[in-house]
């Protein structure tokens, strides 16, 4: 991606940050924060199955939020990009523990990956952080991914808070009493959709 594209991405991030400060959009922000809280609480990513679902749901919720702020935003579902905002593509990543690392790119075998995308990081107890490869943050190759440490992003924000939208993103519970499983909810929804008379009462307990 060209340096000019990163400049456009940075400009858009600043526009989002500025718009959120507008009193008119306080209800929008409140709903978005509540929706993230409910998502994290109910679909605990300690359950591996829920991880992709939560990531996808977060993308959908964020698109709805941006559209409510009058931005043009599309859901891409591409391998390296998740949303397109006013003609600029972004990757979305999340970490709901507030520490450790984030997988930027999954890799196979001896493949070498290069971080190329302007990225929005949703991090518990921090908010939404913008970063891109031109910011010279340290990334690391593991056996199956290119990762970035949360502390790298925290250091970026220490030097410049302009790359942070302070948003209420809670940590996932260590011992959640409510752990929904996405596949169960899909199966139940399908049976309800066909007005099941025979199978619905035989669903396994969760």
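The values are calculated or read from the model by the stated rules, or taken from the named source; none is laboratory data. Because the structure is predicted, anything quoted here is derived from the model rather than measured. Don't worry about glycine lacking a Cβ; one is built from the backbone with ideal geometry, like all the others, and counts go over all protein chains shown.
Has region 191-202 got any residue that is outside the structural domain of residue 32 (by TED's automatic domain parsing), assigned to a helix (DSSP H, G or I) and touching a helix residue (DSSP H, G or I) at 6+ places or on another chain (Cβ under 6 Å)?
yes
Tell me the residue from 112, 89 that is surrounded by 16 or more Cβ atoms within 10 Å (Cβ to Cβ), under 27 Å from residue 154 (Cβ atoms) and in contact with a strand residue (DSSP E or B) (Cβ under 9 Å, 6 or more places away or on another chain), please.
It is 89.
Inside region 78-108, can you point out the residues that are farther than 24 Å from residue 44 by Cβ, assigned to a strand (DSSP E or B) and in contact with a helix residue (DSSP H, G or I) (Cβ under 8 Å, 6 or more places away or on another chain)?
83, 85, 88, 90
So which residues in region 29-49 are under 15 Å from residue 184 (Cβ atoms) and either within 13 Å of the chain's Cα centre (by Cα) or outside any helix (DSSP H, G or I) (or both)?
Result: 43, 44, 47.
Restricting attention to region 123-137, report how many residues are surrounded by fewer than 17 Cβ atoms within 10 Å (Cβ to Cβ) and either under 14 Å from residue 100 (Cα atoms) or not assigned by TED's automatic domain parsing to the domain that holds residue 104 (or both).
Residues meeting the conditions: 1.
Which is surrounded by fewer than 16 Cβ atoms within 10 Å (Cβ to Cβ), in contact with a strand residue (DSSP E or B) (Cβ under 9 Å, 6 or more places away or on another chain) and modelled with pLDDT under 90, of 175, 106?
Just one listed residue meets the conditions, 106.
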